[in-house]
Amino acid sequence: MKLSTKILFAFLLLLNISCGQNNQYDFSGVDKLINIGISDGVFPGSVLLVSKGESIIYENTYGNFTYDRLSKKVNINTIFDLASLTKIVSTTTAAMICIDRGLFKLSDKVVKYIPRFGNHGKKIITIKNLLLHNSGLPAYKRFYKFCKNSDDVINDIYNTELIYKTGSKTVYSDLSMIVLQKVIEKVTGKSLDEFSKENIFDPLEMKSTMFNPPDSIKQNIALTEFDDYWRHRQLQGEVHDETAALLNGVSGNAGLFSNSEDLSNFLTMILNKGTFKRKRIINENTVLLFTTKQPNSARALGWDIKSPIKSSAGNLFSLKSFGHTGYTGTSFWVDPQKKLFVIFLTNRVYPTRNNTKIIKFRPKLHNEIIETIYRLKNSD
């Protein structure tokens, strides 16, 4: 056998071994569960991506843009409205970069950067309070009912009264992340979308991740809700969240659009403690700090932490897992002990947000995925 032939044979053998490793998992149970979810009206379509040990071990698409089987099929490039995943991928990550660059500290008070925020007892609120959702600000407001534009929204937030004593409890708050957005924009001199593109999306090769998608790609974006209460139209490629819409599509709480492979790049960087393709994006200590459960809190900084019971991550992710969910039906969970992450993107709010079946579905899905990977069902 010639040397070149031997090399080719060895390469093909190695390729087969590698493919065998990726194909060692039988995800048919996962596929069945997701297809049943579509049949049961949990969501019309979805994308699943599972990564373990720095390799994507499973990626599949399911269903259509709507429950009409003649509608466009979901594919691997389908873009979804991420809703509150924006809080992590853009706002929290931008805050991490700002801390790395010395632009602010977690202990800094918000009024240091936004003095007019400090009325009604808000002078003591720190950036850390915003990230831990224990600032005292309310969870949300229906700004679309009384605000006409972005200035109205921001002025109302700055004049909002606290609903509990700062630091005394946790109330997950859209308003906190919008305030954090304004701090980030103040110290960087850039809008959140500009800063995120330059410092997060471009370095991570996230080419399909953006605020305010152009009309030219909207046919590739999964439909969300038929808005029959404010905008009175079907939403597609237009941010679902009303507050983000009033903020011209760029908000610290929502507004980002992306697909599974872009998010895989992002989570790979997080799981690799701040590096992507040998590029340092965030300092290792900063990543560890932000993704670790904080003292006297059920959360990490910006990130959610898996709770022992009733977690959307199910029962089988380790307690050191961190992740987040989005109102439109999106989610990702990272387990640093197992060195894996799961991205699950759906448009469960089509045609209406009143469909909440995904709350019970997500834990079942994550349990099925972990059982598939570790063959827990067959281990005696």
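The values are calculated or read from the model by the stated rules, or taken from the named source; none is laboratory data. Model, not experiment: these values are computed from the prediction. Methodologically, a virtual Cβ is constructed for each residue, glycine included, from the backbone with ideal geometry; neighbour enumeration extends over all protein chains shown.
Key figures for this structure:
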{"quantity": "Members of the range 95-139 found to be of a type in the set (D, E, K, R) and either in a helix (DSSP H, G or I) or free of Cβ contacts under 8 Å to residues at least 24 places away in the same chain (or both), listed by number", "calculated": "Asp100, Arg101, Lys105, Asp108, Lys109, Lys112, Arg116, Lys123, Lys128"}
{"quantity": "Residue in the range 319-332 that is surrounded by fewer than 22 Cβ atoms within 10 Å (Cβ to Cβ) and more than 18 Å from the chain's Cα centre (by Cα) present", "calculated": "yes"}
{"quantity": "Matching residues, the range 333-348, being surrounded by fewer than 24 Cβ atoms within 10 Å (Cβ to Cβ) and not in a strand (DSSP E or B)", "calculated": "Pro336, Gln337, Lys338, Lys339"}
{"quantity": "Residue match in the range 302-312 (condition: buried (at least 21 other Cβ atoms within 10 Å of the Cβ) and assigned to a strand (DSSP E or B))", "calculated": "yes"}
{"quantity": "Among (1) over 23 Å from Glu242 (Cβ atoms); (2) buried (at least 16 other Cβ atoms within 10 Å of the Cβ); (3) touching a residue at least 60 places away in the same chain (Cβ under 8 Å); (4) basic (Lys, Arg) - the single one Lys72 does not satisfy", "calculated": "(2)"}
{"quantity": "Residue match in the range 77-97 (condition: of a type in the set (A, V, I, L, M) and surrounded by fewer than 16 Cβ atoms within 10 Å (Cβ to Cβ))", "calculated": "no"}
{"quantity": "Flag for Ser264 being closer than 16 Å to Thr78 by Cβ, touching a residue at least 60 places away in the same chain (Cβ under 8 Å) and within 17 Å of the chain's Cα centre (by Cα)", "calculated": "yes"}
{"quantity": "From the options Asn149, Asn134, residue that is modelled with pLDDT of 95 or more and out of contact with any Leu (no Cβ under 8 Å at 6 or more places or on another chain)", "calculated": "Asn134"}
{"quantity": "Residue satisfying all of: in the range 140-162; without any contact (Cβ under 8 Å) to a residue 60 or more places away in the chain, under 30 Å from Pro295 (Cα atoms) and surrounded by 12 or more Cβ atoms within 10 Å (Cβ to Cβ); farthest from the chain's Cα centre (by Cα) among these", "calculated": "Asn159"}
{"quantity": "Number of the condition not met by Asn296 [criteria: (1) more than 23 Å from Phe80 (Cα to Cα); (2) in contact (Cβ under 8 Å) with a residue 60 or more places away in the chain; (3) not basic (Lys, Arg)]", "calculated": "(2)"}
{"quantity": "Check on Lys186, of a type in the set (Lys, Arg), under 27 Å from Asn75 (Cα atoms) and out of contact with any helix residue (DSSP H, G or I) (no Cβ under 6 Å at 6 or more places or on another chain)", "calculated": "no"}
{"quantity": "Positions within the range 175-221 being under 20 Å from the mean Cα position of the chain (by Cα) and of a type in the set (S, T, N, Q), in sequence order", "calculated": "Ser176, Gln181, Ser191, Ser196, Asn199, Ser208, Thr209, Asn212, Asn220"}
{"quantity": "Candidate set: the range 349-379, residues that are in a loop (DSSP other than H, G, I, E, B) and modelled with pLDDT under 95; chosen: the one nearest to Leu267 (Cα to Cα)", "calculated": "Arg375"}
{"quantity": "Criterion (at pLDDT 95 or above, within 30 Å of Gln294 (Cα to Cα), more than 20 Å from the chain's Cα centre (by Cα) and of a type outside the set (D, E, K, R)) met by exactly one of Gly102, Gly41", "calculated": "Gly102"}
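One line per residue, one yes/no per condition, for (1) buried (at least 22 other Cβ atoms within 10 Å of the Cβ); (2) more than 30 Å from Gly53 (Cβ to Cβ):
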residue: Val239; (1), (2): yes, yes
residue: Ala244; (1), (2): yes, yes
residue: Ser260; (1), (2): yes, no
residue: Asn265; (1), (2): no, no
residue: Gly274; (1), (2): no, no
residue: Lys277; (1), (2): no, no
residue: Asn285; (1), (2): no, no
residue: Leu288; (1), (2): no, no
residue: Pro295; (1), (2): no, yes
